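To keep things clear, I will list the structure first and then write my remarks on it.
Every read-out reported here was derived from the displayed coordinates using simple, explicitly stated rules and does not represent laboratory data. If you're wondering where the values come from, they're calculated on a predicted model, not measured in any experiment. No Cβ is skipped: glycine too gets one built from the backbone with ideal geometry, and neighbour counts run over all protein chains shown.
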Amino acid sequence: MSFDILKSFRQLSTAFGPSGREQDIIETLTELTADTVHDIGAWEHHTDAMNNLIYHRPGTGKTVLLAAHMDSIGVVVTHIDKEGFARFAQVGGLMIGDLIDRRVRFQNGTRGVISFEEKTPYTKLGFDNLFLDIGAASKEQAEQSIQVGDFAVFDGEPFQQGDILCGPYLDNRIGCLTLIGVMAQLAKKEYDTDLYVAFTAQEEVGLRGAQTAAFAIQPDYAIAVDVTDTGDMPERKYPMAVKLGAGPAVKIMDRSVICDQSVKQALYAAAEQEHIPVQREIMEFGGTDTGVIQRAAGGVRAGAVSIPTRYIHSPSEMANVRDIEHAIQLIASVICRGWKD
């Protein structure tokens, strides 16, 4: 690859950007894209009213949208009690087991720990039994650092071990990194696609940014890039034909979408021609930006490329760097091959 995936991911994963608060990640993405994409001057870019960051390289061929959401899950402070402990609500989907004694970070740099009311049996814990501790001795002291309405995100350092990348917010900063890699590869190639790349906002709270971006662009074709669960762990509850290290997954369907046949076939054909390993993904729960992109305006031929990832929505998500590299190669190849009705 032309850039260091771990270094670039560390830069993206530590940028503050929960749903609805994407300004820091927008700035980080803009800087990383400018440093990585050699022909960035050929791309127009803007941020729309929903805080989607959209790049456009004009072409004479079909209009194609590549999308990856840049927002992350998090928590938002709802109340601070007289002892200085904060209660919070979810921003996106969280599981209680992923929160106990986890560190979080606010935009202003304040850090804290999420814990639970110990008199409640662990098996009966609900989100109402959790609290956020920043070490304050009183409400007044806590309010010097945080306020009701402040957002916080997981605080953790990513690492790479062999081909394995682990850390918070692979979902979906790794999708964003994939699209930056695609843009960088395309700088060395010729293609006539009228290409848009959208880093979308507020996916984790209802696919909101992708809906407005796709409606504004009204592409002929679209590919969303996100993570997907895997079926390669012990006693997996849902059987799934996806595992780490076996290549990116071409989505067939999930709860939000049945992917367009022509987009799937274009991805399969590119994988075969370029000898890129791919997997087939059916996810029985959840959804991605693909669902709302497909339904935008008069409809879009939409598909998705997914990065197999374990422990999604936890502070320690895990993926394989080779799957990311192959996803970049696959999508760049599809763009260069062009599109036919």
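Can you list the DSSP H helices in the chain whose Cα atoms extend at least 18 Å along the helix axis and whose mean Kyte-Doolittle hydropathy is 0.5 or higher?
170-186, 321-337
Loop-only trypsin sites (Lys or Arg not before Pro) in region 255-317, please: DSSP not H, G, I, E or B, and at most 11 other Cβ atoms within 10 Å.
Answer in residue order: Arg255.
Binned at 10 Å from 0, what are the whole-percent values of the Cα-Cα distance distribution for region 81-200, short to long?
Per 10 Å bin, starting at zero, the Cα-Cα P(r) for region 81-200 comes out as 10, 32, 26, 17, 10, 4, 0 percent.
Give the distance, in whole Å, between the Cα centre of region 101-147 and the Cα centre of region 181-206.
Distance between centres, Cα-based: 38 Å.
Taking H as built 1.01 Å from N, whose amide H comes closer than 5 Å to the amide H of Thr228, not counting residues under 5 places away?
When sequence neighbours closer than 5 places are left aside, the close amide H contacts are Ile307, Thr309.
So who's got an amide H within less than 5 Å of the one on Ala304, skipping anything under 5 residues away but keeping other chains? H placed 1.01 Å off N, in plane.
Ala224, Lys251
Taking every DSSP beta bridge with both residues inside region 233-325, roughly what % is antiparallel (nearest 5)?
Given both bridge residues lie in region 233-325, the antiparallel proportion sits at roughly 50 percent.
In nm, give the distance between the simple-model label positions of Arg103 and Gln141, each being 7 Å from the Cα along the Cα-to-Cβ direction.
The two pseudo-label positions are separated by 2.0 nm.
Just to confirm my numbers, what's the Cα centroid distance between region 4-31 and region 273-341 in Å?
Taking the Cα centre of each part, region 4-31 and region 273-341 sit 20 Å apart.
I want to check the label-to-label distance for Glu284 and Gln160. Put each point 7 Å from Cα in the C-beta direction and report it in nm to one decimal.
For Glu284 paired with Gln160, the spin-label model returns 3.5 nm.
Can you give the calculated 222 nm mean residue ellipticity of the chain, where each DSSP H run of n ≥ 4 adds -39,500 (n - 2.57) and the sum is split over every residue, rounded to the nearest 500 deg cm²/dmol?
-8000 deg cm²/dmol
Suppose the chain between Ser115 and His46 were pulled fully straight at 0.36 nm per residue; how much longer would it get relative to their current alpha carbon spacing? Walk me through the numbers on the way to the answer.
On the way: separation 69, 0.36 × 69 = 24.84 nm, distance 4.03 nm.
Additional length available on full extension: 20.8 nm.
With only alpha-carbon pairs counted, each pair once and no self-pairs, how large is the Kirkwood hydrodynamic radius of region 130-211 in angstroms?
The Cα-based Kirkwood calculation yields 17.1 Å.
Please list, by residue number, every one of the trypsin sites (Lys or Arg not before Pro) in region 114-205 that is coil in DSSP and has at most 14 other beta-carbon atoms within 10 Å.
Lys119, Lys188, Lys189
If I stretch the segment between Ala89 and Phe3 completely, what's the gain in nm (0.36 nm per residue apart, minus their alpha carbon distance), one decimal?
The Ala89-Phe3 span can extend by a further 27.2 nm.
How big is the Kirkwood radius of region 60-127, worked out from every pair of different alpha carbons and given in Å to one decimal?
14.9 Å is the Kirkwood radius here.
What distance in nm separates the two pseudo spin-label positions at Ala241 and Ala297, each 7 Å out from Cα along the beta-carbon direction?
It works out to 3.5 nm between the two label points.
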